[in-house]
Amino acid sequence: MKAVIFVIDGLGDRPNKEGNTPLKEANTPTMDKIAKEGICGIMNAIDIGVRPGSDTSHLAILGYDPYEVYTGRGPFEACGVGIEVKPGDVAFRCNFATVDENFVVLDRRAGRIRETEALAKELDGLEIDGVKVIFKQSGGYRAALVLRGEGLSDKVTDADPKKEGRKVKTVEPLDDSEEAKRTAEILNKLLKIAYEKLNNHPINEERRKKGLPVANIILPRGAGKVPYIQKFEEKYGLKGACIAGTGLIKGIGKMVGLDLIEVEGANGTPETNFMGKARALVEALEKYDFVLINVKGADEAGHDGDYETKKKVIEKIDEMLKYIIEHIDKDDVYLVLTGDHSTPIEEKDHSADPIPIVIWGRSVRTDDVERFDEFSTYKGGLGWIKGKHIMPILMDLMGLAKKYGA
Ligand SMILES: O=C(O)[C@H](O)COP(=O)(O)O
Ligand SMILES: [Mg+2]
């Protein structure tokens with residue numbers, strides 16, 4: 001038996017004035033069919049009332065306790081773009097953002113700029129106080145930063161103020177160590193250098209002419225050192241792969257030892273290569289026992305407060321699922337369809353609202369649920385579970401769970 005965890009990033013939502021959500025309103029015949037034929041429930045990746053990041057939620061869904069293994073978002077983002085994070089390094093997730101001359105953030109995502117390759121090169125390879133700066137773009141406005149050198153610490157605050165209209169935060173040490181002080185100083189120097197190098201960069205001049213937000217600063221956050229994480233194959237005895245368009249999820253996949261399957265045009269946006277990913281999943285199941293697939297677009301639309309795009313992305317994903325269930329053998333593959341967290345349109349950020357979940361495959365106890373949405377699946381046979389329950393349930397269904405007791 002094989003298993004797939006299909007994560008629709010940011011799937012869940014809260015009802016609008018009409019009582020609808022993008023998922024409820026979207027035309028999703030295949031998701032509904034899967035709900036009808038499977039066992040449904042609702043799920044909180046980490047715990048009830050906990051607002052998860054995509055990083056901690058994916059770790060939890062894969063059966064890792066984020067409170068034990070998570071050292072910050074940075075190392076995953078860096079790993080996802082192919083930087084080998086070494087012991088001693090400190091890694092960060094960064095946004096390319098727009099600031100005015102007083103460093104007030106006007107747009108945290110610089111208009112979701114996509115042409116950041118050359119901008120990243122301006123910073124990659126710099127040296128500050130004997131520390132090497134490794135800087136790579138991680139899908140559009142996203143980037144990964146690694147500081148490599150002696151005496152660094154990940155106990156430093158974020159520069160990202162998280163809201164527009166606020167100033168870029170001065171990075172502060174989080175403890176009294178010399179290392180934290182030095183790391184904060186280096187980052188603050190890097191922020192100034194970034195503004196100098198980026199503000200009048202030809203790519204930004206071009207954007208100014210077009211009236212687009214410029215990417216004239218970087219906002220580091222999520223400092224972390226390389227985590228120790230047991231390999232997925234060692235933990236479960238399953239040979240696994242990961243299909244994702246976004247650097248963070250690729251990084252998580254890679255760090256837990258899943259093979260990354262690259263899909264052309266899979267870019268983590270609402271315009272991703274949906275069907276390419278569906279085909280890659282079906283193909284991967286010939287070779288692998290387990291596949292984690294993440295489709296990011298609905299989350300991006302949620303962060304933008306864009307109801308219609310979120311709905312459209314969900315409908316595209318429904319087409320993927322049609323292809324997938326037509327091309328896999330229900331007697332051979334378990335499919336878990338869920339999200340990692342809710343990204344409600346009204347919040348423009350993650351919330352702790354639970355997410356619909358369904359498990360589809362041989363011998364699952366079907367229930368009365370006929371629709372896959374926030375208002376139906378809670379009535380299903382799975383009840384209300386947490387992310388950490390998913391892998392044990394799958395292992396049991398696959399006949400691979402160890403008996404507890406004699
Ligand atoms: O899309 C992402 O990378 C994050 O989940 C959201 O991050 P942002 O708020 O920095 O865009
Ligand atoms: Mg997410």
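The values are calculated or read from the model by the stated rules, or taken from the named source; none is laboratory data. In this text the structure is predicted, and so the values were computed from the model without any measurement. Don't worry about glycine lacking a Cβ; one is built from the backbone with ideal geometry, like all the others, and counts go over all protein chains shown.
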Quiz item: Can you find a residue in the stretch 186-197 that is touching a residue at least 24 places away in the same chain (Cβ under 8 Å) and hydroxyl-bearing (S, T, Y)?
Solution: yes
Practice problem: Kindly indicate whether E196 is under 25 Å from the mean Cα position of the chain (by Cα), assigned by TED's automatic domain parsing to the domain that holds K121 and of a type in the set (D, E, K, R). | Solution: no
Self-check item: Number of the exception - D13 against (1) more than 27 Å from K239 (Cβ to Cβ); (2) out of contact with any Ser or Thr (no Cβ under 7 Å at 6 or more places or on another chain); (3) crowded, with 17+ Cβ neighbours inside 10 Å
Solution: (2)
Quiz item: Out of (1) more than 16 Å from ligand 2 (Cβ to nearest atom); (2) crowded, with 17+ Cβ neighbours inside 10 Å; (3) closer than 19 Å to G245 by Cα, the odd one out for D367 is which?
Solution: (3)
Quiz item: Of these, K348, K330, which one is at positive phi and either within 14 Å of ligand 2 (Cβ to nearest atom) or more than 16 Å from the chain's Cα centre (by Cα) (or both)?
Solution: K348
Quiz item: Which of the residues that make up the stretch 309-351 are of a type in the set (D, E, K, R), part of a helix (DSSP H, G or I) and within 16 Å of ligand 1 (Cβ to nearest atom)?
Solution: K310
Self-check item: Tabulated pairs, the stretch 135-153, first closer than 16 Å to G222 by Cβ, second β-branched (V, I, T) and within 16 Å of ligand 2 (Cβ to nearest atom), C-beta under 7 angstrom, 6+ apart or interchain
Solution: G139/T246
Quiz item: Only one of (1) more than 20 Å from D55 (Cβ to Cβ); (2) within 16 Å of ligand 1 (Cβ to nearest atom) is not met by K296, so which one is it?
Solution: (1)
Quiz item: Does any residue in the stretch 342-365 that is closer than 11 Å to A45 by Cα and hydroxyl-bearing (S, T, Y) come within less than 9 Å, Cβ to Cβ, of a residue that is part of a strand (DSSP E or B) and at pLDDT below 95 six or more places away or on a different chain, and which pairs are these?
Solution: none
Practice problem: Out of L285, L281, L292, L248, report the one residue that is touching a helix residue (DSSP H, G or I) at 6+ places or on another chain (Cβ under 7 Å), closer than 22 Å to K2 by Cα and part of a helix (DSSP H, G or I). | Solution: L281
Self-check item: Test set (1) of a type outside the set (S, T, N, Q); (2) at pLDDT 95 or above; (3) more than 23 Å from K287 (Cα to Cα) - I252 fails condition number
Solution: (3)
Self-check item: Wholly enclosed strands (runs of 3 or more DSSP E) of the stretch 40-156 bearing at least 2 residues surrounded by 24 or more Cβ atoms within 10 Å (Cβ to Cβ) and within 15 Å of ligand 1 (Cβ to nearest atom)
Solution: 90-99, 142-148
Quiz item: Inside the stretch 357-368, can you point out the residues that are within 28 Å of the chain's Cα centre (by Cα) and either part of a loop (DSSP other than H, G, I, E, B) or among the small types (G, A, S) (or both)?
Solution: G361
Quiz item: What is the residue count in the stretch 1-39 for residues that are among the aliphatic types (A, V, I, L, M) and either within 16 Å of ligand 2 (Cβ to nearest atom) or in a loop (DSSP other than H, G, I, E, B) (or both)?
Solution: 7
Quiz item: What number of residues in the stretch 142-159 are out of contact with any Gly (no Cβ under 8 Å at 6 or more places or on another chain) and either within 29 Å of E271 (Cβ to Cβ) or within 16 Å of ligand 2 (Cβ to nearest atom) (or both)?
Solution: 1
Quiz item: If G237 satisfies every condition in (1) away from ligand 1 (no atom under 15 Å from the Cβ); (2) touching a residue at least 40 places away in the same chain (Cβ under 8 Å); (3) assigned by TED's automatic domain parsing to the domain that holds D107 but one, which is the exception?
Solution: (3)
Exercise. Specify which of the listed residues (V214, V226) is part of a loop (DSSP other than H, G, I, E, B) and either more than 18 Å from F96 (Cβ to Cβ) or of a type outside the set (V, I, T) (or both).
Key: V226
